Amino acid sequence: MPGKDDEYAPRPGEIAVALPASFNAGIYFIGTIRTPWRTRADCPKNGRGSEAVCTIEVHEPYGAALAGIEAFSHLVVVYFMDRARRDLVLQVPRHLGEPRGTFALRSPVRPNPIALSVVRLLKVENNRLSVVGLDCLDETPLVDLKPYYASVDSTGDEPPETGSPIASR
């Protein structure tokens, strides 16, 4: 019977590297993200793939940093995918079936599994934000929140996504 860690095992054609012995920097987790997804297989491929309402719980003493956030319709959520592998530099995504470098993918598997999503803000209640647009496991650590400004966060000249890095230029 396959074990729990099998869903994170390298696929044929993937390349793993040895990780450095120490970290270069530290971060503070400022909250916890609550989602309906308990396993990697349950998560949507990206945040736009689900209309699930998720909750961002901001820890004290960071609650005061939420002042004024209700004025925004969308937020950039930065989070740490703490259960992702960190050692793969060449991956074989299920949807592609061929190897691609980690930095050419949106996979959670990366040397620093920091992710971001643009979410729609539905409600602010004390230190809890109700949002739509996340793609992470339940209890994912929150790194940061930023207001989304379409005027600066969207370039307006994005090519359609094709899956081909050359075709989209």
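The values are calculated or read from the model by the stated rules, or taken from the named source; none is laboratory data. Everything numeric here is computed off the predicted structure, so don't read it as measured data. Heads up, the Cβs are rebuilt from the backbone with ideal geometry, glycines too, and the neighbour counts pull from every protein chain shown.
The figures follow:
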| item | result |
| --- | --- |
| Members of segment 65-79 that are touching a residue at least 24 places away in the same chain (Cβ under 8 Å), surrounded by fewer than 19 Cβ atoms within 10 Å (Cβ to Cβ) and not aliphatic (A, V, I, L, M) | GLU70, PHE72, SER73, HIS74 |
| Which listed residue, of LEU121, LEU134, is in contact (Cβ under 8 Å) with a residue 40 or more places away in the chain, touching a strand residue (DSSP E or B) at 6+ places or on another chain (Cβ under 7 Å) and not in a loop (DSSP other than H, G, I, E, B) | LEU121 |
| Some residue of segment 145-158 being under 28 Å from ALA41 (Cα atoms), loosely packed, with under 11 Cβ neighbours inside 10 Å and free of Cβ contacts under 8 Å to residues at least 60 places away in the same chain | no |
| Residue within segment 23-41 that is part of a loop (DSSP other than H, G, I, E, B), within 12 Å of LEU134 (Cα to Cα), touching a Pro at 6+ places or on another chain (Cβ under 9 Å) and of a type outside the set (Lys, Arg) present | yes |
| Qualifying residue in segment 26-43 (condition: out of contact with any strand residue (DSSP E or B) (no Cβ under 8 Å at 6 or more places or on another chain), of a type in the set (A, V, I, L, M) and under 21 Å from LEU145 (Cα atoms)) | no |
| Yes/no for ALA25 being among the hydrophobic types (A, V, I, L, M, F, W, C) and either under 29 Å from ASP6 (Cα atoms) or modelled with pLDDT of 95 or more (or both) | no |
| Residue within segment 23-30 that is over 19 Å from GLU139 (Cα atoms) and touching a residue at least 12 places away in the same chain (Cβ under 8 Å) present | no |
| In segment 43-64, the residues that are in a helix (DSSP H, G or I) and either without any contact (Cβ under 8 Å) to a residue 60 or more places away in the chain or touching a Gly at 6+ places or on another chain (Cβ under 8 Å) (or both) | GLY47, ARG48, TYR62, ALA64 |
